[in-house]
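> Mind looking over this structure? Questions follow.
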Amino acid sequence: MPAFSLDPSQTAWCAELRDLAAERLRPVADKGEPGHVNRPLVAELGRLGLLERLFTSGAFDLCLMRESLAYACTEAETALALQGLGAHPVHAHGTRAQRERWLPRVAEGSAVAAFALSEPGAGSDAAALELRAEGDAAGEGEGESPAAEPDGPARWRLTGEKCWISNAPEADFYTVFARTTPDAGARGVTAFLVPADRPGLTGTGLDMLSPHPIGSLAFDAVPVTADDVLGEPDRGFRVAMGTLNLFRPSVGAFAVGMAQAALDATLAHTAERDAFGGKLRDLQTVAHQVAEMALRTEAARLMVYAAATAYDEKAPDVPGRAAMAKLLATETAQYVVDSAVQLHGARALRHGHLLEHLYREVRAPRIYEGASEVQRGIIAKELYATMEAGQ
């Protein structure tokens, strides 16, 4: 960690987090089953007080947590991040009843949250989502199980699909974005808090490259009421973008943590490995490659810190900075991990090697929460908007 950007207490906290990840979280993570929610790991994050910090800390602290945990245990980092992503809309936009019911359970690790935005035909183009929230003027739902039905008569019925949803189908509740006004683009979307036991809600796990759980959800006339709305009707896109503006820089922090782990492994390997009459580090091509890896990692870290600081200070350029941070950091991590594998050689491709693990983990962040191409579009849009505003 660069001393000039962190005060001593922050540096000490990051070191503590790395130790906790290695000593307390890694053993629990290793017992998990790939593709499924590791509830003991989520509970351990709660016992350590890290999940509660999702709701009491700012973006900068979130980035420090994600970077530090990712360095030693990517599974713990992802479990923490998904709790935050799924529950942040409840924290920021939920009613008192919604917050009191779910946030304490998320913080203690007894309830698993999920953020359900993407669809089979609307991934990065979030405004094109098609999950329908159709009005239920008749107030159906009478006579069905009160434990599963919402507290009052259904106002809408959700019908459609969600796909590529982290923690699905094993989450306890979902922040779901559905179209309440047809043909209105981003302005006709509403955010709902949907408990997993609502009738008509089913899901299927997907076998993905990344080891954390990802699945699809099917909504067959799932009942929701006004009490389930997060924020305001037809204003759900703001809920989604506000959440992503916070979590995009922290995705970058996740990437920086992985890049730093790969860089440190490479430094150790090239300093010890005998090759061509000396050590690998003595070869100029290797030394220059390691220097480039370090340069890009540090640049990405500083971009992430700048974006997080802008968010905490409520700066007007948060969307552009968040997009820049996610873009630079995730692309950098891909480069650094790939370079580390190359310099390690075949040993890095063996199952169970740190770099084999990081190589699988590092690919997905360039896609989720807005692919790299989407981030470039956001950056350009913000640049031109700033230029035109100054004319």
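> Scanning segment 80-112 for residues that are under 19 Å from G242 (Cβ atoms) and either in the same structural domain as W164 (by TED's automatic domain parsing) or among the aliphatic types (A, V, I, L, M) (or both), which turns out surrounded by the most Cβ atoms within 10 Å (Cβ to Cβ)?
A87
> State the number of residues belonging to segment 174-220 that are over 23 Å from A97 (Cα atoms) and among the aromatic types (F, W, Y).
So the count comes out to 1.
> Return only the number of the condition from (1) in a loop (DSSP other than H, G, I, E, B); (2) touching a Ser or Thr at 6+ places or on another chain (Cβ under 6 Å) that E369 does not satisfy.
(2)
> If you check T270 against the conditions, is it more than 28 Å from D7 (Cα to Cα) and surrounded by fewer than 24 Cβ atoms within 10 Å (Cβ to Cβ)?
On the way: more than 28 Å from D7 (Cα to Cα): yes; surrounded by fewer than 24 Cβ atoms within 10 Å (Cβ to Cβ): yes.
Yes: the conditions hold for T270.
> Are any residues in segment 358-384 free of Cβ contacts under 8 Å to residues at least 40 places away in the same chain and surrounded by fewer than 13 Cβ atoms within 10 Å (Cβ to Cβ), and if so, which ones?
Hits for segment 358-384 are A380, Y384.
> Please find, among L355, L280, the residue that is buried (at least 23 other Cβ atoms within 10 Å of the Cβ), of a type outside the set (F, W, Y) and over 30 Å from D7 (Cβ atoms).
Numbers: L280 fails: buried (at least 23 other Cβ atoms within 10 Å of the Cβ).
Just a single option satisfies the conditions, and that option is L355.
> Among the residues of segment 226-233, is there at least one that is outside the structural domain of G32 (by TED's automatic domain parsing) and either of a type in the set (S, T, Y) or under 18 Å from the mean Cα position of the chain (by Cα) (or both)?
no
This table checks each residue for (1) assigned by TED's automatic domain parsing to the domain that holds N167; (2) within 30 Å of V341 (Cα to Cα); (3) without any contact (Cβ under 8 Å) to a residue 40 or more places away in the chain.
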{"site": "T202", "(1), (2), (3)": "yes, no, yes"}
{"site": "I214", "(1), (2), (3)": "yes, yes, no"}
{"site": "N245", "(1), (2), (3)": "no, no, no"}
{"site": "F254", "(1), (2), (3)": "no, yes, no"}
{"site": "L267", "(1), (2), (3)": "no, yes, yes"}
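> So if I check each of R296, R273, which one is assigned by TED's automatic domain parsing to the domain that holds E382, modelled with pLDDT of 95 or more and of a type in the set (K, R)? Explain how you work it out, then say what you get.
Details: R273 fails: modelled with pLDDT of 95 or more.
Unique residue meeting the criteria: R296.
> V286: among the β-branched types (V, I, T) and touching a strand residue (DSSP E or B) at 6+ places or on another chain (Cβ under 9 Å), yes or no? If you could, list the steps in order and put the result at the bottom.
On the way: among the β-branched types (V, I, T): yes; touching a strand residue (DSSP E or B) at 6+ places or on another chain (Cβ under 9 Å): yes.
When the stated conditions are applied, V286 passes them.
> Further question: How many residues does segment 92-133 contain that are among the charged types (D, E, K, R), free of Cβ contacts under 8 Å to residues at least 40 places away in the same chain and in a strand (DSSP E or B)?
Qualifying residue count for the region: 0.
> In segment 55-62, is there at least one residue being among the aliphatic types (A, V, I, L, M), over 21 Å from Y305 (Cα atoms) and touching a residue at least 40 places away in the same chain (Cβ under 8 Å)? Break it down stepwise before answering.
If we filter segment 55-62 for residues that are among the aliphatic types (A, V, I, L, M), which is where we start, we get 59, 62.
Checking the rest, the ones that are also over 21 Å from Y305 (Cα atoms) come to none.
No, because not a single residue in segment 55-62 is among the aliphatic types (A, V, I, L, M), over 21 Å from Y305 (Cα atoms) and touching a residue at least 40 places away in the same chain (Cβ under 8 Å).
> What tally of residues in segment 20-67 results from selecting those that are in contact with an Asp or Glu (Cβ under 6 Å, 6 or more places away or on another chain) and assigned to a loop (DSSP other than H, G, I, E, B)?
Here the count works out to 2.
The values are calculated or read from the model by the stated rules, or taken from the named source; none is laboratory data. Since the model is a prediction, treat every value here as computed from it, not as a measurement. In this analysis, Cβ positions are derived from the backbone assuming ideal geometry, glycine residues included, and neighbour counts consider all displayed protein chains.
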